[in-house]
Amino acid sequence: MRIDKYLKVARVLKRREVGKQLALNERLYINGKLAKASSEVKIGDEIKIIFGHREMSIRVLDVKTSASKQEAFEMYEVIE
C-alpha cells in the first residue's frame, strides 16, 4: 500500500494530500530512507514523520485497505 494512503487509513493523518505534501517536502522516511508518496509500506516497516519541529516514529503492524476507528489504532505502534 502507498505510504500516503496507509497514513490516512491508519488515521495518523486526516487527509491523503497531507501525506503527499510531507513526502514532497522530504519529511517522510521508511526504514531511514527518504520516501515518496507512492512508496510501498509493508508490515514491520518503521515510518518517521516530521511535523515542523516534532517527529513521530511508528512501526507498521498491519496493512488494510480500510479500517474502523478501533482497527486503525491496531495498525501501528508508536515508537517515539
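Things to note:
- If you go through the stretch 45-63 and keep only what is outside any strand (DSSP E or B) and either among the acidic types (Asp, Glu) or under 12 Å from the mean Cα position of the chain (by Cα) (or both), you end up with Asp45, Leu61, Asp62, Val63.
- Checked against (1) part of a loop (DSSP other than H, G, I, E, B); (2) touching a strand residue (DSSP E or B) at 6+ places or on another chain (Cβ under 7 Å), Tyr29 meets all criteria but (1).
- When residues of the stretch 6-36 are limited to those that are touching a helix residue (DSSP H, G or I) at 6+ places or on another chain (Cβ under 6 Å) and closer than 23 Å to Ser68 by Cα, the one surrounded by the fewest Cβ atoms within 10 Å (Cβ to Cβ): Arg11
- Candidates Ser39, Ser68 - the one that is hydroxyl-bearing (Ser, Thr, Tyr) and exposed (fewer than 11 other Cβ atoms within 10 Å of the Cβ): Ser68
- The listed residues are Gly19, Gly32, and the only one of them that is without any contact (Cβ under 8 Å) to a residue 40 or more places away in the chain and farther than 15 Å from Arg2 by Cβ turns out to be Gly32.
- Matching residues in the stretch 39-58 - criterion: being farther than 14 Å from Ile79 by Cα and among the small types (Gly, Ala, Ser): Ser39, Gly52
Taken together, the values in this text are just the output of simple stated rules run on the coordinates, not laboratory data. Nothing here was measured: the structure is a model prediction, and the numbers come from that model. Methodologically, a virtual Cβ is constructed for each residue, glycine included, from the backbone with ideal geometry; neighbour enumeration extends over all protein chains shown.
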